[in-house]
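> For reference, the structure I am asking about is given below.
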Amino acid sequence: MKVATYNVNGINGRLSVLLQWLKEAEPDVVCLQELKAPDDRFPRSRLEKAGYGAVWHGQKSWNGVAILARGQQPLETRKGLPGDPDDTHSRYVEAAVDGILFGCLYLPNGNPAPGPKFDYKRRWFARLSSYAAELIELDIPVVLAGDYNVIPTDLDVYRPERWRDDALFRPEIRAAFRKLAAQGWTDAIRHLHPDEVIYTFWDYFRNAWGRNAGLRLDHFLLSPALAGQLQTAAVDSHVRGWEHASDHAPAWIELDT
């Protein structure tokens with residue numbers, strides 16, 4: 001099973017890029033973030049024509065997450081992260097596909113830090129960690145995939161000294177990511193490529209793509225029931241160079257299911 005995560009940075013505005021990549025890569029399950037579209041503007045029919053069923057949690061102008069499954073309809077199990085009934089951000093959706101539970105997440109950016117947005121990021125991260133611990137206790141195959149807006153280590157960023165005070169890289173956030181992983185989750189890309197420079201995001205400014213001045217923000221965390229089935233992990237970085245592409249590139253893993 002080929003599982004991908006892709007922050008599309010506006011699903012309708014970049015639908016042609018998404019469809020081109022789906023045709024080329026043929027992933028079985030895809031977690032999408034930053035749809036920037038309300039539920040009624042999600043391009044369900046276009047994706048169905050491309051061979052993908054979908055569940056989604058949209059929001060006008062901002063946020064939004066979705067899970068696609070090739071040749072079938074994902075079984076939605078949750079919409080929204082538990083822990084704060086007043087949180088209206090569309091940042092989490094969950095579905096079962098072929099006996100595996102997929103949680104698609106878009107963690108808050110948190111900038112500027114310190115400040116209210118950074119505080120919200122930390123609270124959201126705490127809720128994610130609490131819910132992830134419940135999933136670990138269930139001892140079922142789970143993939144938590146998406147744009148975590150976390151740079152885990154110095155290896156995951158071009159010129160780390162420039163990012164020390166950024167909400168993506170502050171010590172509190174990196175510590176929260178380590179604490180989450182320590183529950184028993186496997187960081188799939190780093191597990192298979194422990195010493196390799198791998199990026200999933202390149203800013204639109206300062207020719208970041210051309211200079212390969214990137215960040216690794218998009219991650220797969222695998223539960224213990226799945227970690228032993230991990231075969232391959234990679235990033236389709238060439239997609240970032242396509243015309244009108246997102247500032248993220250699709251990342252993917254293969255599981256021997």
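Taken together, the values in this text are just the output of simple stated rules run on the coordinates, not laboratory data. Everything numeric in this text was worked out from a predicted model, so none of it was measured. Cβ placement follows ideal geometry from the backbone for every residue including glycine, while neighbour counts extend to all protein chains displayed.
> Every residue in the stretch 162-183 that is in a helix (DSSP H, G or I), touching a helix residue (DSSP H, G or I) at 6+ places or on another chain (Cβ under 9 Å) and not aliphatic (A, V, I, L, M), please. I'd like the intermediate steps shown before the answer.
Of all residues in the stretch 162-183, those in a helix (DSSP H, G or I) come to 162, 171-181.
When the remaining residues are screened for being touching a helix residue (DSSP H, G or I) at 6+ places or on another chain (Cβ under 9 Å), the result is 172-173, 176-177, 179-180.
Listed by number, the residues that qualify are 172, 177, 179.
> Which of the following residues is polar (S, T, N, Q) and under 21 Å from residue 35 (Cα atoms): 223, 237?
237
> Which one of 235, 239 is within 19 Å of residue 152 (Cα to Cα) and touching a residue at least 24 places away in the same chain (Cβ under 8 Å)? Before the answer, list the steps.
Working: 239 fails: within 19 Å of residue 152 (Cα to Cα).
Every option except 235 fails the conditions.
> Could you tell me whether the stretch 214-227 includes any residue that is within 22 Å of residue 108 (Cα to Cα) and without any contact (Cβ under 8 Å) to a residue 60 or more places away in the chain?
The answer is yes, given that some residue of the stretch 214-227 is within 22 Å of residue 108 (Cα to Cα) and without any contact (Cβ under 8 Å) to a residue 60 or more places away in the chain.
> So which residues in the stretch 141-166 are more than 24 Å from residue 213 (Cβ to Cβ) and either out of contact with any Ser or Thr (no Cβ under 7 Å at 6 or more places or on another chain) or polar (S, T, N, Q) (or both), if there are any at all? If you could, list the steps in order and put the result at the bottom.
Narrowing the stretch 141-166 to residues more than 24 Å from residue 213 (Cβ to Cβ): 141-145.
Residues satisfying the conditions are 143, 144.
> In contact with an Asp or Glu (Cβ under 8 Å, 6 or more places away or on another chain), in contact (Cβ under 8 Å) with a residue 40 or more places away in the chain, more than 23 Å from residue 248 (Cβ to Cβ) and not in a helix (DSSP H, G or I): does that describe residue 105?
Working: in contact with an Asp or Glu (Cβ under 8 Å, 6 or more places away or on another chain): yes; in contact (Cβ under 8 Å) with a residue 40 or more places away in the chain: yes; more than 23 Å from residue 248 (Cβ to Cβ): no; not in a helix (DSSP H, G or I): yes.
No, not satisfied.
> Condition (residue is among the hydrophobic types (A, V, I, L, M, F, W, C) and over 18 Å from the mean Cα position of the chain (by Cα)) applied to the stretch 227-241: is it met by at least one residue?
For the stretch 227-241, residues among the hydrophobic types (A, V, I, L, M, F, W, C) and over 18 Å from the mean Cα position of the chain (by Cα): absent.
> Of all residues in the stretch 56-71, which are in a loop (DSSP other than H, G, I, E, B) and within 14 Å of the chain's Cα centre (by Cα)?
63, 64
> Here's a follow-up. In the stretch 236-247, how many are under 17 Å from residue 211 (Cβ atoms) and surrounded by 15 or more Cβ atoms within 10 Å (Cβ to Cβ)?
Selection size over the stretch 236-247: 4.
> Could you please give the count of residues in the stretch 1-14 that are closer than 21 Å to residue 95 by Cβ and either in a strand (DSSP E or B) or not β-branched (Val, Ile, Thr) (or both)?
If we filter the stretch 1-14 for residues that are closer than 21 Å to residue 95 by Cβ, which is where we start, we get 1-8, 11.
So of that shortlist, the ones also either in a strand (DSSP E or B) or not β-branched (Val, Ile, Thr) (or both) come out as 1-7.
Total satisfying the criteria: 7.
> Looking at 175, 96, 181, which is the one that is among the small types (Gly, Ala, Ser), within 27 Å of residue 199 (Cβ to Cβ), surrounded by fewer than 20 Cβ atoms within 10 Å (Cβ to Cβ) and touching a strand residue (DSSP E or B) at 6+ places or on another chain (Cβ under 7 Å)?
Matching residue, one of 175, 96, 181: 181.
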